[in-house]
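Notes to accompany the following structure.
The values are calculated or read from the model by the stated rules, or taken from the named source; none is laboratory data. If you're wondering where the values come from, they're calculated on a predicted model, not measured in any experiment. Note that we place each Cβ from the backbone using ideal geometry, even for glycine, and neighbour counts take in every protein chain shown. We work out accessible area using only protein heavy atoms, side chains counted, and drop any ligands, DNA or RNA first. Shrake-Rupley method; radii C 1.70, N 1.55, O 1.52, S 1.80 Å.
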Amino acid sequence: MSAIDDAGRRLRARRRRRDYLLFAAFAAPNFLFLLLFAYWPVVYNGYLSLTDWDMISPAKDFVGLGNYTDLLTDPDFRATLWTTVVFVVGIVAGGIVLGLATALLLNQKLRGRNVVRTLTFAPYVLSGAAVGTLWLFVFDPNYGLIRPLMAPLGLTAPAMMTDSKWALTGLIVVYLWKNAGFVAVVYLAGLQGLPREVYEAAALDGAGPWTRLRRITLPLLSPVTFFLLVTCTISTFQAFDVLAVMTGGGPGTSTSILSWFIYDQGFRAFDAGRAAAGAMIMFAVLLLITAGQARYLERKVHYQ
């Protein structure tokens, strides 16, 4: 009997080893790519942030935390951080509100709503260069669409992209136009998955549209809102293409956000150390924001 048990254990052990080897054979390539193209760049960037390197000379001078000290005591970098905060809050908060309102409208039984859904999502799939070029014409104070829109009101069209007072606002408007369709489509998918019987019961109890929105729709959509807050925050911090086409961080530094600052330091000033330090600061900020969202906002998420 013991011989049969030993044989069974050896057979099970061989099967487990075979399963482990099969798992390793399938997982190893993916893990290797993840290690090479995700984790290693972060580690190497952390090393570069501790050096003084012009990206040309073979020698990298180790300066420790000097780059971080220089950045955190630099008034221009602190201004960049504040601009980034305004930029991210404006786009994420505005996109959530505008996208939800659009989704609620598109969820109604309206004629031609499928066409409108397609048109709403279309700006999101356009390239940033195309969007930036289009809106440069729209914002042109002499020949752009903004001039005839403001003329009947007796207002003069501002130079949105060349006036430091308006440039950041103009960028936020453009990114809202580009990204609101994505938020709307995600919210629309969430709305169409909500149980109809809950609304029918609320209507029978005399709940009006606003009460149903506040007491039923928004709580049931909280998982979608949580997802959008995380993904939109990360993508907005990484915004670059439209900004590069429309303002290039200007006028002056009025639209210089962290992503542009990193590019400017690395590929225009050729200061790899400061650029890497800025990237590590952005990584730390995103990590803290995401962790905070996961810890505090998820408590208010109502999963069905």
Can you spot the aspartates and glutamates whose alpha carbon is less than 20 Å from residue 109's alpha carbon? Ignore those fewer than 8 places along the same chain. 197, 200
If each part is reduced to its alpha-carbon centroid, the range 158-216 and the range 230-253 end up apart, in Å, by 22
Please give the solvent-accessible surface of residue 9 in Å², to the nearest 10, using a probe radius of 1.4 Å with every protein chain present. 120
Heavy-atom accessible area with a 1.4 angstrom probe orders 162, 102, 51, most exposed first, as 162, 102, 51
Please work out the C-alpha center-to-center distance from the range 27-57 to the range 82-101 and express it in whole Å. 31
From the Cα gyration tensor of the range 50-105, with a ≥ b ≥ c the square roots of its eigenvalues, which class applies: rounded if a/c is under 1.5, or else prolate if a/b is larger than b/c, or else oblate? prolate
Skip the ligands, DNA and RNA, and give the accessible area per residue of the range 66-300 with a 1.4 Å probe, whole Å². 53
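Place a +1 charge on the Cβ of each Lys and Arg in the chain and a -1 charge on the Cβ of each Asp and Glu, then give the dipole magnitude about the Cα centre in debye, rounded to the nearest 20. Can you show the working numbers first?
Values: 26 positive and 18 negative charges, 326 e Å.
My answer is approximately 1560 debye.
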Between 185, 263, 170, whose Cα lies farthest towards the positive end of the dipole of the range 66-300 when Lys and Arg beta carbons carry +1 and Asp and Glu beta carbons carry -1, centred on the Cα centre? 185
Which option, (i) 0.95; (ii) 1.18; (iii) 1.34, is the value of Cα Rg over 2.2 N^0.38 Å that was calculated from these coordinates? (iii)
Applied in sequence order to the range 178-186, the curve 6.51 cos²θ - 1.76 cosθ + 1.60 (Karplus, θ = phi - 60°) yields integer Hz couplings, x standing for Gly and Pro, of 6, 9, 4, x, 5, 4, 4, 5, 5
Two pseudo-spin positions, 7 Å from Cα along C-beta at residue 244 and at residue 295, lie apart in nanometres by 3.5
Between residue 156 and residue 110, take the C-beta separation as r, use R0 = 41 Å, and let me know the FRET efficiency to the nearest 0.05. 0.65
Residue separation between residue 196 and residue 52 times 0.36 nm, minus their alpha-carbon distance, gives in nm 45.7 nm
If DNA, RNA and ligands are ignored and the probe is 1.4 Å, what is the ranking of 187, 143, 68, 39 by accessible area, most exposed first? 143, 39, 68, 187
